[in-house]
Amino acid sequence: MEIKWEYTRKRSEFGRPYNFSDLPGEVTVDIPPDPSLADDFIPQDPVDVAIQEGPVMAVHEVNTEQVQVTSRGVNHVEGGWPKHVDPRNQDMTTRFREEVERDETYVRAILRLSTLMEHCIRQNNAIDIYEEYFGEDEEEEEQEEIPSAKTICVLRDPNVVRRMATHLSWHPDACKELAVAYCSLDFQDKRRDMSFDSYIWDLENPYKPELTLMLSSPVVTLEYNPKDWHHVLGGCYNGQIVYWDTRKGGLTIDVTPVELSHRDPVYGAIWLPSRTGTECFSASTDGQVLWWDIRKLSEPSERLVLDITREDQLKNALGAISLDFSLSMPTKFLVGTEQGSIINCNRDAKTPPEKIANVFNGHIGAVYAVARSPFFPKVFLSVGDWTARIWSEEILDSSSIMETKYHTSYLMDGCWSPVKPAVFFTARSDGTLDVWDFLFHQKDPSLSLRVSNESLLSLCPQDNGRIIGCGTTRGTVTLLEISSGLCTLRKNEKSLTSTMFEREARREKILQDKQKELQVRQQLLAQAKKEEKEDPQETFEQVRTEFFSIITAEKQRRKGEPEEVPG
């Protein structure tokens, strides 16, 4: 049986507002008591009932013993060496290895183990247990992930008077710590109670600095020593070079003398690969590059004046505002100047003028960042004015092979991705971080993220390329985690990037040759026009000679004709 009820209402009454009104109380149902029902009531005593919802367990199963947990650090060093052998000294370790290899016990042990190893290798070569029979068929297509980034941590300047986060440096061991240089680069900034300290932060405790680096002048740049992690190098605003040993606290170990240091702020200080791990060099806007050894900071070991006229005159030197050094080319380094030029220097040259190998011009303003590609050593990135440019050392006296579009705001810093050859980062003065992937997009960045309302001043990615630190002019350092698509190396990506750079370099070389050909042609035309420039007197004499020659020829012609006799 189907029950159906139809409710009819006018359409105009739908959606009408409710109208509430107060009404007096009204009794709906009234049931009077019935005393006869009391005889049927049976009282129950007791009324307490025990209910157990959980399983029945013994006392020793419920009350477990408490475990005291403590966090302790472990210093992992190279072990197995005798006490008289320093593992950091390559000569001592090599000498000890040679002594052990000449020992008869070592030779017998190697011969015994080699037999067993050979048997295992033959077994592995017989059957490849890791062979994939259907690898090509089961290969899944990679899904393109939308580029994104998220904030994972924010480090703020603990002082009341905020300063700029001018430089960032990750700890070489797993990037668990971050050294931040705090300094005010505003001209004659005389705010009261301004601190000169910089800090080392532990990412597990982002609310309080792990170590305070104390000094008498603000530090503009900080760099961890990749060989000895406890040494931190700093370049000061007054031109001095300092270094700390984090095992001994935040006080400086040694400082360069003022009279032999730079005259302007040190914008670049980098460790050099050496056997002792104590050599470094620095660059400043005073136009000098100085080499130091932290074992003797009383004077620089070498000096270079950035005079592109190659006269070695400090008055003609260009101010260095950025510095880059790559282990792939240990004898060369790049210097970005305030005048917009990029100087490629060679330290192994014999004379100071020869150390300035090439000069690249292209930026209108100061070159705030210059970085050599970690995959292609002859390709480097520069950031200045409103653009970022990619250059090739193989093409001299020409413009960049690739460049970004002109932005409405200044570009303040830039760096390459350590894991993807075609990806680089740029920081803008409006607080935006741009992630460029030239292999897929060349006109627009793959990701633009507004990090802060203040201007971004410094960038530094981790070695895995997944986390990047962004420092602002208010001393705030924001750590961003980018999506896996921007920090994972894809198949054939390196070869495709190399092909792209070679293609652009070849195109630039062709344009450069055409430009030279046009210049030569214009010079020849100008020279020809100069030679063809006629003198009025010579023109008059030439026309006069031609006129009289025509008259003479006409007279001779008339004399040769027979006279007509009238008839």
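The values are calculated or read from the model by the stated rules, or taken from the named source; none is laboratory data. None of the values given here were measured: they were computed from a predicted structure. Cβ atoms come from the backbone with ideal geometry, glycine included; neighbour counts cover every protein chain shown. These area figures cover heavy atoms from the full protein model, side chains too; ligands, DNA and RNA do not enter into them. Shrake-Rupley method; radii C 1.70, N 1.55, O 1.52, S 1.80 Å.
Reported count of residues in the range 431-461, each being among the polar types (S, T, N, Q) and more than 19 Å from MET164 (Cα to Cα), is 3. Of the listed requirements (1) in a loop (DSSP other than H, G, I, E, B); (2) buried (at least 20 other Cβ atoms within 10 Å of the Cβ), TYR406 misses just one: (2). Restricting attention to the range 438-473, which residues are open to solvent by less than 10 Å² (accessible area, probe 1.4 Å), in contact with a Pro (Cβ under 9 Å, 6 or more places away or on another chain) and modelled with pLDDT under 90? Across the range 438-473, the qualifying residue is only GLY465. With respect to the conditions (1) surrounded by 14 or more Cβ atoms within 10 Å (Cβ to Cβ); (2) in contact with a Ser or Thr (Cβ under 7 Å, 6 or more places away or on another chain), ARG295 falls short on a single one, namely (1). Among the residues in the range 160-182, are any over 27 Å from LEU449 (Cβ atoms) and open to solvent by less than 40 Å² (accessible area, probe 1.4 Å)? Scanning the range 160-182 turns up at least one residue that is over 27 Å from LEU449 (Cβ atoms) and open to solvent by less than 40 Å² (accessible area, probe 1.4 Å). Can you work out which of the residues in the range 373-426 that are closer than 19 Å to LEU323 by Cβ and of a type in the set (Lys, Arg) is farthest from the chain's Cα centre (by Cα)? Here the answer is LYS378. If the condition is being hydrophobic (A, V, I, L, M, F, W, C) and not in a loop (DSSP other than H, G, I, E, B), then the range 470-512 contributes CYS470, VAL477, LEU479, LEU480, ILE482, LEU486, LEU496, MET500, PHE501, ALA505, ILE510, LEU511. Take the residues in the range 230-244 that are surrounded by 14 or more Cβ atoms within 10 Å (Cβ to Cβ) and out of contact with any Leu (no Cβ under 9 Å at 6 or more places or on another chain); name whichever of them is nearest to TYR199 (Cα to Cα). This residue is HIS231. For the range 150-159, a residue qualifies if it is surrounded by fewer than 18 Cβ atoms within 10 Å (Cβ to Cβ), within 17 Å of ASN453 (Cα to Cα) and hydrophobic (A, V, I, L, M, F, W, C), and the qualifying residues are CYS153, VAL154. Listed by first and then second residue, the pairs with beta-carbon distance under 8 Å, at least 6 apart or on different chains, first residue in the range 122-151 and over 24 Å from THR488 (Cα atoms) and of a type in the set (Val, Ile, Thr), second part of a strand (DSSP E or B) and at pLDDT below 70, form an empty list. For the range 311-333, which positions are over 21 Å from the mean Cα position of the chain (by Cα), exposed (fewer than 15 other Cβ atoms within 10 Å of the Cβ) and part of a loop (DSSP other than H, G, I, E, B)? Correct list: GLU311, GLN313, THR331.
Looking at this structure, is ALA369 open to solvent by less than 20 Å² (accessible area, probe 1.4 Å), within 22 Å of THR473 (Cβ to Cβ) and of a type in the set (A, V, I, L, M, F, W, C)? Working first, answer last.
Numbers: open to solvent by less than 20 Å² (accessible area, probe 1.4 Å): yes; within 22 Å of THR473 (Cβ to Cβ): yes; of a type in the set (A, V, I, L, M, F, W, C): yes.
For ALA369, the condition - open to solvent by less than 20 Å² (accessible area, probe 1.4 Å), within 22 Å of THR473 (Cβ to Cβ) and of a type in the set (A, V, I, L, M, F, W, C) - is met.
Okay, residues lined up against (1) among the aliphatic types (A, V, I, L, M); (2) in a loop (DSSP other than H, G, I, E, B):
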residue: PHE424; (1), (2): no, no
residue: ALA427; (1), (2): yes, no
residue: ASP430; (1), (2): no, yes
residue: ASP444; (1), (2): no, yes
residue: SER452; (1), (2): no, yes
residue: CYS460; (1), (2): no, no
residue: GLY465; (1), (2): no, yes
residue: ILE468; (1), (2): yes, no
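If you check SER429 against the conditions, is it open to solvent by less than 30 Å² (accessible area, probe 1.4 Å) and either more than 12 Å from the chain's Cα centre (by Cα) or at pLDDT 90 or above (or both)?
On the way: open to solvent by less than 30 Å² (accessible area, probe 1.4 Å): no; either more than 12 Å from the chain's Cα centre (by Cα) or at pLDDT 90 or above (or both): yes.
It is false that SER429 is open to solvent by less than 30 Å² (accessible area, probe 1.4 Å) and either more than 12 Å from the chain's Cα centre (by Cα) or at pLDDT 90 or above (or both).
Can you find a residue that is in contact with a strand residue (DSSP E or B) (Cβ under 9 Å, 6 or more places away or on another chain), modelled with pLDDT under 90, among the hydroxyl-bearing types (Ser, Thr, Tyr) and surrounded by fewer than 21 Cβ atoms within 10 Å (Cβ to Cβ) anywhere in the range 378-401? The answer is yes; a qualifying residue exists.
Is it fair to say ARG303 is touching a residue at least 12 places away in the same chain (Cβ under 8 Å), part of a strand (DSSP E or B) and open to solvent by 30 Å² or more (accessible area, probe 1.4 Å)? Talk me through it step by step, then tell me what you get.
Numbers: touching a residue at least 12 places away in the same chain (Cβ under 8 Å): yes; part of a strand (DSSP E or B): yes; open to solvent by 30 Å² or more (accessible area, probe 1.4 Å): yes.
In short, yes.
Just one of the numbered conditions (1) closer than 17 Å to THR246 by Cβ; (2) among the small types (Gly, Ala, Ser); (3) in contact (Cβ under 8 Å) with a residue 24 or more places away in the chain is not true of ALA174: (3). Criterion applied to GLY336, GLY277 was being among the small types (Gly, Ala, Ser) and assigned to a strand (DSSP E or B), and the one residue passing it is GLY336.
For the range 356-372, the criterion of being within 23 Å of TRP292 (Cα to Cα), at pLDDT below 90 and over 23 Å from the mean Cα position of the chain (by Cα) is satisfied by at least one residue.
The sole residue among ILE343, ILE390, ILE356, ILE321 that is closer than 24 Å to THR499 by Cβ and of a type outside the set (Lys, Arg) is ILE390. Which one is modelled with the lowest pLDDT among residues in the range 71-111 that are open to solvent by less than 100 Å² (accessible area, probe 1.4 Å) and polar (S, T, N, Q)? If we take residues in the range 71-111 being open to solvent by less than 100 Å² (accessible area, probe 1.4 Å) and polar (S, T, N, Q), then ASN89 is modelled with the lowest pLDDT.
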